[in-house]
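Enquirer: For reference, the structure I am asking about is given below.
The values are calculated or read from the model by the stated rules, or taken from the named source; none is laboratory data. Here the structure is a predicted model, which means the values were calculated and not measured. Note: ideal-geometry Cβ built from the backbone for every residue, glycine included; neighbour counts use all protein chains shown.
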Amino acid sequence: MAKKVIQVSNNPIYNIGMISTVFAADTHFCGDLKFKKSLQINGKFEGDISSSGFLVIDDGAEVKANIKAKTVIIKGTVYGNIEAESRLEILQNGKLYGNIRTAQLKVADGVIFDGKCEMIHPKEKHPKKNVIIVDVDKVNKGPETEVSS
């Protein structure tokens with residue numbers, strides 16, 4: 001018997017996952033916004049955005065904000081600086097008036113970008129720590145302590 005796929009949400013799906021929340025085109029939001037999963041803005045937003053998830057600025061949306069998120073996808077217009085820890089994509093007809101800090105950048109044809117770009121290294125999952133090895137027997141004996149790293 002064939003399995004049926006049931007769509008439980010009309011929210012958009014991107015290669016990085018499905019959008020959890022959508023601000024509709026008639027939405028105008030002002031303030032500081034923090035979220036963990038994903039958000040797509042279709043309307044207008046003013047303030048600051050901070051997320052450990054991903055953010056999509058859809059075609060026709062206008063965002064005036066400094067943005068800090070794991071991944072940011074721009075199809076609309078953004079006025080403000082963006083720090084995308086993992087990746088920033090500016091898709092066709094996207095407009096960005098601000099500076100970029102990201103580990104990975106994808107820019108399509110037809111994009112307007114007015115600002116500076118700084119490429120950063122992605123955060124390591126397990127940062128390396130400096131390890132100092134001390135021979136305890138030599139430390140207890142006196143001045144001939146040997147330390148190596």
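Enquirer: Identify, please: which residue in the stretch 7-47 is under 26 Å from SER86 (Cβ atoms) and of a type in the set (Gly, Ala, Ser) and is, among those, modelled with the lowest pLDDT?
Expert: Among residues in the stretch 7-47 that are under 26 Å from SER86 (Cβ atoms) and of a type in the set (Gly, Ala, Ser), the one modelled with the lowest pLDDT is SER9.
Enquirer: Taking the stretch 49-66 on its own, how many of its residues are over 17 Å from ILE112 (Cβ atoms) and in a strand (DSSP E or B)?
Expert: Residues in the stretch 49-66 being over 17 Å from ILE112 (Cβ atoms) and in a strand (DSSP E or B): 8 in total.
Enquirer: Looking at the stretch 24-38, which of its residues are surrounded by 14 or more Cβ atoms within 10 Å (Cβ to Cβ) and within 12 Å of LYS70 (Cα to Cα)?
Expert: PHE35, SER38
Enquirer: Here's another thing I want to ask about it. What number of residues within the stretch 42-74 satisfy the criterion of being under 16 Å from TYR97 (Cβ atoms) and buried (at least 21 other Cβ atoms within 10 Å of the Cβ)?
Expert: Here the count works out to 9.
Enquirer: Please go through the stretch 83-110 and pick out each residue that is of a type in the set (A, V, I, L, M), crowded, with 17+ Cβ neighbours inside 10 Å and either part of a loop (DSSP other than H, G, I, E, B) or more than 10 Å from the chain's Cα centre (by Cα) (or both).
Expert: Within the stretch 83-110, ILE90, LEU91, LEU96, ILE100, VAL107 qualify.
Enquirer: Of the conditions (1) part of a strand (DSSP E or B); (2) out of contact with any Leu (no Cβ under 8 Å at 6 or more places or on another chain); (3) not small (Gly, Ala, Ser), ILE73 fails just one. Which one is it?
Expert: (2)
Enquirer: Turning to a different aspect of this structure: Need the failing condition index for LYS4 against (1) in a loop (DSSP other than H, G, I, E, B); (2) at pLDDT 95 or above, just the number.
Expert: (2)
Enquirer: Looking only at the stretch 119-149, how many residues end up being at pLDDT 70 or above and either among the hydroxyl-bearing types (Ser, Thr, Tyr) or surrounded by 10 or more Cβ atoms within 10 Å (Cβ to Cβ) (or both)?
Expert: Qualifying residue count for the region: 3.
Enquirer: OK, next. Does ALA25 satisfy being within 20 Å of GLU118 (Cα to Cα), touching a Gly at 6+ places or on another chain (Cβ under 7 Å) and of a type in the set (A, V, I, L, M)?
Expert: Criteria not met by ALA25.
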